[in-house]
Each structure stands twice: as structure tokens, then as C-alpha cells.
Amino acid sequence: MKLLKVLPLLLALTLTGCSATVIIDPAANANDPGCAEVIVRLPQQTAEQPRRTTSSQGTGAWGNPTSITLTCGLEPIMVSDLTCITAGGVDWVVDESQKPTYKFISFGRTPATLVTIDSTKVSGATVLEDLGQAVQFSKQTKKCLG
């Protein structure tokens, strides 16, 4: 009889630890071997946000709710009018057009990687330092100027 009273409580505690899979569309070149090099090196945590399971190859996500996503397999960016910064050993083009959500695309790397960050929840600098440690394993063909 006691087991029947405890079982619902154990089930509730087990389910609260689960997070739903984050749905992310894969990039056109998500199956590029360079993406595999990136994905296997992604951290289990960044900016104190835990890594989540994603729906597609070449992707990553952190936070609950999701505050950071990564998509590998984009066409490389070799020229851009956007600001270019270096963080985590990687040059990133910064798209601020949807503030406070920022998009960072690896510059001069094949394949390119997109990191989207909700800056109301996490620090972009911390995230790029952490994720750059994985993205730097994609092939670099060009660097930012200046």
C-alpha cells in the first residue's frame, strides 16, 4: 500500500528532471565532416546553462528555456560588412539586427557555424569563449581584418 502512495511522487520527481528535445532545423551542410569535429567537442555546459538534446545533426542547444543554439553547416562567410570579433580562438561576424538576441557566424571557416544567444539570459562573451573551443576545429581559410 505504501508503494502505491510513493510511486506517483517518484514518477513526478523523475519527470521534472527531463527537458524536451529542442527543435532546430539543420543547415544545408550539417553532414560535413567538419561539423562532426565541432559537435563532438561541444561543452555540456556554457554560461551556467546545461546542454540540451536537439532534433538535428550538426546542432546544439543550452538552457531551459533555451537561451543558446548552435547550427553547423552553413556556407562560409569570407566577406562581410558586419562587425567581426575574435573569441574562443574563432573570428565571428556579429548580427545585432534582432537585439537582444544576437547571431554570431564563424568567419572564414568551412563549414560555417551560427551561434544564437539571448543576451537577456546569458553573456555572449562567455558563450563564444566556450563554444569557440569546439568551433576552432573547423577548417580556417581566412581571418578578420583589423
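The residues Asp25, Asp81, when put in order of fewest to most other Cβ atoms within 10 Å, stand as Asp81, Asp25.
Given the pairs Lys103/Lys143; Lys103/Lys142; Lys121/Lys142; Lys99/Lys121, which span a C-alpha to C-alpha distance of over 24 angstrom in this model? Present the calculation step by step, with values, prior to reporting the outcome.
Numbers: Lys103/Lys143 18 Å; Lys103/Lys142 20 Å; Lys121/Lys142 32 Å; Lys99/Lys121 13 Å.
In this structure, Lys121/Lys142 exceed 24 Å between Cα atoms.
Sorting Ile39, Ile85 by the number of Cβ atoms found within 10 Å of their own Cβ, with the fewest placed first, yields Ile85, Ile39. Placing +1 on the Cβ of every Lys and Arg and -1 on the Cβ of every Asp and Glu, with nothing else charged, gives the chain a dipole about its Cα centre of roughly 540 debye. Let me make sure I get this right: for the chain, a, b and c are the square roots of the gyration tensor eigenvalues over alpha carbons, sorted descending. Under 1.5 in a/c it's rounded, otherwise prolate if a/b > b/c, else oblate. Which is it? Because a/c hits 1.5 or more and a/b exceeds b/c, the chain counts as prolate. Each Lys or Arg adds one and each Asp or Glu subtracts one; over the other residues with Cβ under 14 Å from the Cβ of Lys139, this totals -1. Taking each DSSP H run with n ≥ 4 as -39500 (n - 2.57) and averaging over every residue of the chain yields -7000 deg cm²/dmol at 222 nm.
Read-outs throughout are calculated quantities, based only on the coordinates presented, and are distinct from any laboratory measurement. In this text the structure is predicted, and so the values were computed from the model without any measurement. We place every Cβ from the backbone using ideal geometry, glycine too, and count neighbours over all the protein chains shown.
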